[in-house]
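Read through the structure below, which is laid out as structure tokens, and then see the notes.
The values are calculated or read from the model by the stated rules, or taken from the named source; none is laboratory data. Just so we're clear, the structure is a prediction, and the values are computed from it rather than from any experiment. Reconstructed Cβ throughout: ideal geometry from the backbone, glycine too, with neighbour counts over all protein chains shown. These accessible areas exclude ligands, DNA and RNA; they are computed on the full protein's heavy atoms, side chains included. Shrake-Rupley method; radii C 1.70, N 1.55, O 1.52, S 1.80 Å.
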Amino acid sequence: MTVRSELFVADHTGALARTDARDAGREPTPGPVALDLPGVGAIDLELLGEIAARAVHFGTGPLELEEVDLDRESLLELPAFLREVLVELGTVEDAELPAEVAAEWATDDDLGLTAAAAHSLVTAIIALLTGAAASGNSVYLWTAAA
């Protein structure tokens with residue numbers, strides 16, 4: 001079973017509305033910044049956070065995505081620590097470090113990405129999270145079995 005997922009920036013109300021639309025099979029109202037993450041689930045993002053935290057020497061903190069609403073099992077919120085680690089990865093002086101993190105992430109057999117595809121995805125995730133940090137909104141993951 002393939003995981004279909006989307007990472008997006010929104011406030012709490014917007015996240016609930018977007019999830020309701022996605023769960024009903026409708027396109028959500030345009031607005032929030034969103035990124036399709038085909039085949040990437042919550043555990044994959046947590047693994048990316050672990051690798052990135054080690055790479056940027058960020059210490060430890062909560063990486064597990066959090067439930068937002070008991071009635072919406074398909075919606076999870078990225079914890080602040082995970083968001084901060086990945087934003088930090090985008091600001092490091094070593095320009096090769098994001099590619100190295102992505103290459104290590106791509107070695108996970110369940111992920112099914114090449115190092116180059118993982119690097120593109122990591123770069124896009126960093127950009128989304130950096131924008132979210134600037135806006136003050138949260139970042140959510142919507143997932144469904146496809």
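Points worth noting:
- Region 85-102 residues that are over 18 Å from residue 46 (Cβ atoms) and outside any loop (DSSP other than H, G, I, E, B), paired with ones that are modelled with pLDDT of 95 or more and open to solvent by 10 Å² or more (accessible area, probe 1.4 Å) (beta carbon under 6 Å, 6 or more apart): 97/55; 99/119
- Test result for residue 141, modelled with pLDDT of 95 or more and either part of a helix (DSSP H, G or I) or buried (at least 17 other Cβ atoms within 10 Å of the Cβ) (or both): yes
- When the test is whether a residue is open to solvent by less than 30 Å² (accessible area, probe 1.4 Å) and either farther than 16 Å from residue 143 by Cβ or not β-branched (Val, Ile, Thr) (or both), residue 86 passes it.
- Flag for residue 123 being β-branched (Val, Ile, Thr), modelled with pLDDT of 95 or more and closer than 22 Å to residue 4 by Cβ: yes
- The conditions of being of a type outside the set (A, V, I, L, M, F, W, C), over 22 Å from residue 14 (Cα atoms) and outside any loop (DSSP other than H, G, I, E, B) are met by residue 49.
- Checklist (1) of a type in the set (Ser, Thr, Tyr); (2) under 14 Å from residue 86 (Cα atoms); (3) in contact (Cβ under 8 Å) with a residue 60 or more places away in the chain applied to residue 60, failing item: (3)
- Residue 44 meets the conditions (1) more than 15 Å from residue 144 (Cα to Cα); (2) not in a loop (DSSP other than H, G, I, E, B) in every case but one. The failed one is (1).
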